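The values are calculated or read from the model by the stated rules, or taken from the named source; none is laboratory data. Because the structure is predicted, anything quoted here is derived from the model rather than measured. Virtual Cβ from ideal backbone geometry, glycine too; neighbours counted across all protein chains shown. Heavy atoms of the whole protein, side chains included, go into the accessibility calculation; ligands, DNA and RNA do not. Shrake-Rupley method; radii C 1.70, N 1.55, O 1.52, S 1.80 Å.
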Amino acid sequence: MSETPLATAVVRWYDKNARDLPWREPGVGAWAILVSEVMLQQTPVVRVLPAWRAWLTRWPEPAVLAADTPAEAIRMWGRLGYPRRALRLHECAVALVERHGGAVPTELEQLLALPGVGSYTARAVATFAYGRRHPVVDTNVRRVVARAVAGEPDAGLATRPADLVATEALLPAEPAVAARASAAFMELGAVVCTARSPRCVDCPLVDRCAWRASGQAAPAGPTRRPQRYAGTDRQVRGRLLAVLRESTVPVAREQLDLVWADDVQRARALAGLVEDGLVQALAADRYALAGEPGNAVPQL
Ligand code: SF4
């Protein structure tokens, strides 16, 4: 616990500077926090806000979503991107009903056993919903720890077990304080210790930061290149899904053919959607969202 002073400084800063985000408000339940964590993993806050509110207005509890179809979850996901997350959330809601009576469990092992709930999400839910003491390590936290503690300009591309150990060492012993520290480190990385332009003069760790103390040049930013979207299979998949989301009856392949000119790429994208379980291939070369009610027998 020798690094707890860092947590103290970051929590003090967080108390005054945290963004006002609805999933952080007192009384927000574990299901709402779980949904926010899944949505935020690959989508910016500003796009998540309306989607999160709409999702929870429609499905305020896991049981309500579990009683609906996967197709409706995919439809509701809209253009948030990476729509397999909608399917996983639906599967998770079903599992919560079957295994936990419709409640989100409190224990890390139970959370990790849920479909679509990985190491980060399980720790985030246990920490932010139930005030448990777990290292919650996303890209932002890894970057803060790499700079402030290890004196490195940036973190690696993926979370390693060593990152969990290094972050846990920063957490205060008291679980509720540790939970707040986890939120604070995450926020600091999101808004101050950013990848390309860390604002060290505004940082509560400026006098304690190993990277700052080393006098190294400003970090070059993430080595991960920004992902291209235009012209990719992801764009084609998005267009195909947009057509299927708009229809509650099966769609003929000829109609899907209109969304993209390249036959090979379009076929590959459609096959990928079927393989991922987002789309069903039906008889007579027709397609529908997964689990759409009233559809004909799937194509053999
Ligand atoms: S002092 Fe600068 S580099 Fe160090 S943690 Fe703060 S913002 Fe990041």
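Figures for the structure shown
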{"read-out": "Check on H90, out of contact with any strand residue (DSSP E or B) (no Cβ under 8 Å at 6 or more places or on another chain), open to solvent by 20 Å² or more (accessible area, probe 1.4 Å) and within 29 Å of P26 (Cβ to Cβ)", "value": "no"}
{"read-out": "Index of the failed condition, Y130 passing every other in (1) open to solvent by 50 Å² or more (accessible area, probe 1.4 Å); (2) aromatic (F, W, Y); (3) under 16 Å from the mean Cα position of the chain (by Cα)", "value": "(3)"}
{"read-out": "Counted residues, region 68-81 - those being of a type outside the set (A, V, I, L, M), modelled with pLDDT of 95 or more and open to solvent by 20 Å² or more (accessible area, probe 1.4 Å)", "value": "5"}
{"read-out": "Cβ pairs under 8 Å, 6+ apart, first in region 223-235 and at pLDDT below 85, second assigned to a loop (DSSP other than H, G, I, E, B)", "value": "T223/D154; T223/L157; R224/L157"}
{"read-out": "Region 258-287: number of residues that are surrounded by fewer than 17 Cβ atoms within 10 Å (Cβ to Cβ) and touching a Lys or Arg at 6+ places or on another chain (Cβ under 7 Å)", "value": "3"}
{"read-out": "Hits in region 181-197 (condition: out of contact with any Gly (no Cβ under 7 Å at 6 or more places or on another chain) and either surrounded by fewer than 17 Cβ atoms within 10 Å (Cβ to Cβ) or not hydrophobic (A, V, I, L, M, F, W, C) (or both))", "value": "S182, E187, G189, V191, T194, S197"}
{"read-out": "Tally, over region 55-67, of residues that are touching a helix residue (DSSP H, G or I) at 6+ places or on another chain (Cβ under 8 Å) and either open to solvent by 40 Å² or more (accessible area, probe 1.4 Å) or of a type outside the set (A, V, I, L, M, F, W, C) (or both)", "value": "6"}
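One line per residue, one yes/no per condition, for (1) free of Cβ contacts under 8 Å to residues at least 24 places away in the same chain; (2) open to solvent by less than 60 Å² (accessible area, probe 1.4 Å):
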site: L112; (1), (2): yes, no
site: P115; (1), (2): no, yes
site: A126; (1), (2): yes, yes
site: A148; (1), (2): no, yes
site: T159; (1), (2): no, no
site: P172; (1), (2): no, yes
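Yes/no matrix, rows are residues, columns are (1) touching a helix residue (DSSP H, G or I) at 6+ places or on another chain (Cβ under 9 Å); (2) open to solvent by 20 Å² or more (accessible area, probe 1.4 Å); (3) without any contact (Cβ under 8 Å) to a residue 40 or more places away in the chain; (4) within 14 Å of the ligand (Cβ to nearest atom):
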| site | (1), (2), (3), (4) |
| --- | --- |
| G151 | yes, no, no, yes |
| G156 | yes, yes, yes, no |
| V165 | no, yes, yes, no |
| A179 | yes, no, no, no |
| R208 | yes, yes, no, yes |
| V243 | yes, yes, yes, no |
